[in-house]
Structure formats: structure tokens, C-alpha cells
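What follows is a set of notes on a single structure, which appears directly below.
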Amino acid sequence: MSKRPETSPIYTQIIRWLFYLLFFVTPLILWPYTSEVFEFNKMLFVYLMTILIGATWLTKSFVNHRFEFVRTKLDLPILLFLVSQIISTIISINPHTSLWGYYSRFHGGLMSTVSYVLLYYAFVTHFHGEKKALGRVLIAILSSAAVISFYGVLEHFGIDKNIWVQDVQNRVFSTLGQPNWLSAFLVALLPLSLYQAVNANTVDKKYLHLGLSLLFLITIVFTKSQSGLGATAVILLLFFIITSVQKGKSWLILGLIPITILLFIFAGSKINQTLNSLNKINPFYSDTLTIITEENKTRVGGSDSMAIRRVVWEGAIKLGLSHPLFGTGVETFGYSYYQVRPASHNLTSETDFLYNKAHNEYLNFFANSGFVGLGTYLFLTGSILYLFLNKKTKHGDLRLPLLLGFISILITNYFGFSVVNIGLFFFLFPAIYLSSLDAGEDKSIELRFDTILGVSIVVIGAIWLLINLNKSWRGDIAYNLGRNSYEESKKALELNPHEPIYYAQYGYLNALIAVQIIAPQIEKQIPATASAELKQKAESYINSFISEAISNSERAVSMNPHNLNILKTKAKTELTLAELYPQYNQEAVKTLTKITEISPTDSSNYFNLGVLYLSLGQNNEAKTAFQTALDLKPDYQSATNYLEQLSQPVLK
């Protein structure tokens, strides 16, 4: 591709340095005071970098009076995929969630996809054919991974064991937040460090990258991630075979035989356990209910992760088939899954967990975006693979490590779901490769626009976006602190009035204040002989909080009627108010009934409804609810106990 003479090089340099920061900082960033420590902050940082890169790119365009970009072989697949996500968002059961992502996951919403696409085109436009700049990108990526891995090893030896609720010594997650996410991140980069070691032109570089590869491997082992370890085995095998053939030393493949034997000698039981676990997702092995039931007979501790996946995948497939074209909406799995949730989920150790992902990226797209979303995603994936494998292309040095890294993403995504760092790699690995080939077509659109006016609009727009981004971050911190603070919860709403869960939390806090603080104070400080005016003021004061509790709870539900957590918070609010005014018990009954309609196979919902009916003396209704809970979960001992209690004769 012939390159246009560089104009305004300072803007290009700024964009490149912003990408270096993006690759280095994103995996490292976390903040302990947000509601989600890891992914939320990483996603907002990606948005921050996207805004800055996009603003710099547009500023450069207005200065040069032309918008320059590079067209690539992935344009059509990216466009089709993006259009499918846009349509799915528009017709979503909750467009707000589809736009921004499920709250607590954040990545995966339409805006994150738009950011990755913009970053893809910004990268290929400003890095194509720039070998030194691409080298710095790889240094930034591997340096960040080295820091993360080193900390992961320290985690294994207890450096922060007293900070986290999780047993981080047993399964490390470093700055990624979850062992599977850490292993997926490192497996994707392992081929890069191995390739650098094999092809290093100095002994120092060879040992440096060998050491780095070993550090990655050790950290992956310390994650104890089945998907990560499996992907590592596949990638190492492919790398070893391909490198041996490329180097003309095919006989080295024989070295795999003793390595395999040693693995089975020293880790045979673990390998056998993993294979048995993987067999549980084999559709020809047995039916889901039998697998769960048989496992429960001997299970100690949690259910097998693959058995749980089998249950969730079954629900995801059913959900996709019930909304075949565009699904229920981007990132709405956490709402719609519960309509089709298999009853066998009640028999697992994670029966009370809220699943907002299908734990399989492909089924996640199928459930959320239907056949169209899944089809365009697979088309994009296939196009990226073809980019690496096309024999007609004159491939470059980075072909093997980036291809294997991309394949590792496809493997780990099969057993889990994409997170921020993996989302970046999915779009930017092919961007890095295309830039290394200098493949693409320069395009230029003339801008007949006043430079000062154009730049001013860009700057004002960027500042507005950054201010709102900051408000979202501060709003989340206030929401997190607001779990125990009325003022912080109110502040969260002021900073970000678009999140329904903020209203639900604020409503519940108003109910707690009315019942647990104000009511006792009124009872203590205002005697029965007080004037009618004083009593009226007191009643008006407490009613203002009750009114806020109800109105905010109802507003949260109206903004997102599909969110089970919001409905459960509304029920808690009503039950709290019922301590003062018993009529709110009937409102709680309605809310809990609505929950059973949205999630008809969750046994705990019927159990909770039964407990409430029992407290209200509605024994027949309670008995029906407990029996339904027991039908859905035959080993539900608490439901059994209540049914036995209700079947006993009433003493007169």
C-alpha cells in the first residue's frame, strides 16, 4: 500500500502514545471503591482512551482539511456485525442495558463494541507499515502482562490473601479480577513471548522472553483455570509443531512423546478429572438432570463447573430458539435467561447465583442477538482466521503468534465469556497484523470546514463526553458507598439519573430510615398527649420518606421491569414498610408473585412467597408455594420442613 506523505505528525504521535497507554494500563487498572473493582474501571478507561484517540484523530482531520482512514479486508464483516448489534439494541427488552452493558459486567454492550471498532480503525490508520511503532505496542502489551504475572505469582504466596473474600492464594487473579479472565489474557499472549524467544537476535533477548514465557505459564497454572490450562495445552502443541516444521526440524515433534508421558505420570489424575469434567458438556454423554443428580450423590463442595455450564447452555439455546432473529437484546441474558432457566439449575450449588452471561460467548450472542447476531459474529471470526490463513497473502513475522493468540481467545470464549481485555485483543490482534503487513487501502474524505470551528466542536464534544464519563464513575462510587449511606445513595442519582438500580437502592434506604430511625424516634420523643399539630408534623415527616421509598422503587421497576434484582429490592422495601403499615405486605405479595412470573423455575422465589403467605396466616397459599418450590427442587429441606409443619393438625 502506498502511503500518503505524513501531515501533522504530532497528532499521529499522540494517537500512538495513547494506544501504548491503552495496552499497558487497561489490564492493570482497578479501583477498590467502585461497585465492581475490575471490569468497570477497565471499561471506563477504554472509553476514556477512545474519546481521546477519536478527538485527536478528528482534530488532525480538521487541521489537514481531510479525514484519512484505512480500509481493510475486515470492513464488511465488521459492518455486518455492528449492524446486527445496533438492531438488537433497538428492539431490546431493555435498550439501556443493551447500550451500556449489564450493570456489574459493563463490557459487551453496544457502546463497548462501537469503541472497539473505532479503536480498530484508528489503529490500522495510524500504525500501518510502522515497524518501530508496532514494536512499541508489543513491548507495552508484554510489559503489562509481565507485571500482572509477577503479581499473580506473589498472590499465590499470599501477598494479598487478607484483602480479598476469595481464596486468591488457591486461584490467583492478579489485576484481572477472576482466575479464568487472567488465564485467558495470558494464554493469548503466550505465543507472542514464545515467538520472540525463538526468533530473538541476541542471547539476552532470547533468555528474557523465555523467562517471560515461563512466568506466564507459571501464572496460568496458579489460576487453576480448566479452560485456560486446556487452551494453553492446545496453543503450546500447535506452536511446537508449527515452529519445528518451519525451522526444518520436524524430528523435534518426537519430543512431544516423552513430554506427554511425563504429563500423564505426574498429572494423570488431574488430566483424567478434567476429561471427565469436559465429558459433562458432551450432549451424547447423558441428559442434564441425570448428570446433576448423579453428581449430587457424592458431591462435596460446589458443583462441577462443566455440569453447571451444561445447565446454563441448555437455557441459552432454548432462549435463542425462542427469539431466533435478533434475540432478546444485547447483554440482556441476565434478564431473559430466567424465563427459560432449566429446573435442574435448582439442584446445583449455584442455584442462588444470578447468571448474567451464558458462560459461552457464542451461545451468549445467540441468546442475546439471535441467529443474525451469532451469524455475523461467526462471519467476523471466520474472516479474521482467513486473514491469517489465506495462502495468497504474503504473510509477515507476526502471523503465527497473533494467529495462535486469536485461536486461544476462541477456545477460552467457548468455556466462558469475553471481558474488556479479551474484547480489545479480539479486534486489535487483527489490526496489529494488518498494520504489520501494511495491508489496506488509504482513503481520504475532503473536509470543507473552518479549522477553528471544527476543532472547537471536537474539543467541546470531547470535554462533554469526558465530564459525563467522570460522572458515571463518581456515580458508581457513590452508589457503592450508598449501600450504607443515604446521602451517597442520593448523590449517585444526582450524578447518574439513568441507572434504575440506583433508584431501587435509594428507595430501600428511605424505607429503612422511616422504619428503623424515624419511627422509633417519634415513638420515644412524642408522647400520646402531644398536640394534634405536632403529631401531624411527625406523620408528615415519616410519610415523606415512605413516599420516597415507594416512588423510587416503582420508578426503578418502570425503567427496567425485567431486572430480578430490582424487583427483589422492591419486595424488601415493601416488607420493611410493612413493619409500620401491614398493608404493604400485600404489595410485597404482588411483587414476589411477579418475580415468580419472570423466573418461573427458581425454587427460592416460591419459597420466599410461601414464607410471606405463612406470616400472613394464608396457609393454603403458603402450602401451594412450598409445594411448588419442592417440586422444582426435590432436595429443598426448608420447604419440606414447612410443609410438614403445615400438615400437622391445629390444636384448639
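The values are calculated or read from the model by the stated rules, or taken from the named source; none is laboratory data. Since we're looking at a predicted model, the values are computed, not measured. So basically every Cβ, Gly included, is an ideal-geometry build from the backbone, and we count neighbours across all protein chains shown. Accessible surface is based on the protein model in full, side chains and every heavy atom, while ligands, DNA and RNA are left aside. Shrake-Rupley method; radii C 1.70, N 1.55, O 1.52, S 1.80 Å.
Per-structure values
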| quantity | calculated |
| --- | --- |
| Residues located in the stretch 483-499, provided they are surrounded by fewer than 23 Cβ atoms within 10 Å (Cβ to Cβ) and either part of a helix (DSSP H, G or I) or not polar (S, T, N, Q) (or both) | ARG483, TYR486, GLU487, GLU488, LYS490, LYS491, LEU493, GLU494, LEU495, PRO497, HIS498, GLU499 |
| Selection from the stretch 527-561 of residues that are in contact with a Gly (Cβ under 9 Å, 6 or more places away or on another chain), under 28 Å from GLY329 (Cβ atoms) and not small (Gly, Ala, Ser) | ASN552, GLU554, ARG555 |
| Residue identified as over 22 Å from TYR47 (Cβ atoms), among the β-branched types (Val, Ile, Thr), in contact with a Phe, Trp or Tyr (Cβ under 7 Å, 6 or more places away or on another chain) and in contact (Cβ under 8 Å) with a residue 40 or more places away in the chain among THR451, THR412 | THR451 |
| Members of the stretch 547-557 that are small (Gly, Ala, Ser), surrounded by fewer than 22 Cβ atoms within 10 Å (Cβ to Cβ) and in contact (Cβ under 8 Å) with a residue 40 or more places away in the chain | SER551 |
| Hits in the stretch 210-226 (condition: open to solvent by less than 60 Å² (accessible area, probe 1.4 Å) and without any contact (Cβ under 8 Å) to a residue 24 or more places away in the chain) | GLY211, SER213 |
| Failed item in (1) more than 22 Å from the chain's Cα centre (by Cα); (2) part of a helix (DSSP H, G or I); (3) buried (at least 20 other Cβ atoms within 10 Å of the Cβ), with ILE10 passing the rest | (3) |
| Test: residue in the stretch 371-389 that is assigned to a helix (DSSP H, G or I), under 19 Å from ILE242 (Cβ atoms), of a type in the set (Phe, Trp, Tyr) and in contact (Cβ under 8 Å) with a residue 12 or more places away in the chain | yes |
| Test result for VAL458, farther than 30 Å from TYR102 by Cβ, at pLDDT 95 or above and open to solvent by less than 60 Å² (accessible area, probe 1.4 Å) | yes |
| Qualifying positions in the stretch 222-232 - at pLDDT 90 or above and hydrophobic (A, V, I, L, M, F, W, C) | PHE222, ALA231 |
| Within the stretch 196-225, considering residues that are within 32 Å of the chain's Cα centre (by Cα) and not in a helix (DSSP H, G or I), the one nearest to LEU410 (Cα to Cα) | SER225 |
| Filter result (open to solvent by less than 20 Å² (accessible area, probe 1.4 Å) and over 20 Å from LEU465 (Cβ atoms)) within the stretch 73-97 | LEU74, PRO77, ILE78, PHE81, SER84, GLN85, SER88, SER92, ASN94, THR97 |
| Residue count, the stretch 270-304 (criterion: part of a helix (DSSP H, G or I) and either surrounded by fewer than 19 Cβ atoms within 10 Å (Cβ to Cβ) or acidic (Asp, Glu) (or both)) | 18 |
| Residue count, the stretch 558-569 (criterion: of a type outside the set (S, T, N, Q), part of a helix (DSSP H, G or I) and open to solvent by 30 Å² or more (accessible area, probe 1.4 Å)) | 2 |
| Tally of residues being part of a helix (DSSP H, G or I) and in contact (Cβ under 8 Å) with a residue 60 or more places away in the chain across the stretch 155-195 | 15 |
| Residues within the stretch 67-120 that are at pLDDT 95 or above and acidic (Asp, Glu), tallied | 1 |
| Whichever residue in the stretch 337-363 is open to solvent by less than 10 Å² (accessible area, probe 1.4 Å) and either charged (D, E, K, R) or assigned to a helix (DSSP H, G or I) (or both) and, among such residues, is farthest from LEU289 (Cα to Cα) | LYS357 |
| Residue list for the stretch 515-546, restricted to those being open to solvent by less than 70 Å² (accessible area, probe 1.4 Å), polar (S, T, N, Q) and within 17 Å of GLU579 (Cβ to Cβ) | ASN543 |
| Number of the condition not met by ALA233 [criteria: (1) within 26 Å of ASN279 (Cβ to Cβ); (2) in a helix (DSSP H, G or I); (3) within 21 Å of the chain's Cα centre (by Cα)] | (3) |
| Residue in the stretch 35-57 that is within 25 Å of PHE388 (Cβ to Cβ), open to solvent by 10 Å² or more (accessible area, probe 1.4 Å) and out of contact with any strand residue (DSSP E or B) (no Cβ under 7 Å at 6 or more places or on another chain) present | no |
| Filter pass, LYS590 being of a type outside the set (A, V, I, L, M, F, W, C) and more than 28 Å from ILE292 (Cβ to Cβ) | yes |
| Condition check for SER435: over 28 Å from the mean Cα position of the chain (by Cα) and open to solvent by less than 10 Å² (accessible area, probe 1.4 Å) | yes |
| Count of residues meeting criterion [open to solvent by 90 Å² or more (accessible area, probe 1.4 Å) and among the basic types (Lys, Arg)] in the stretch 461-482 | 1 |
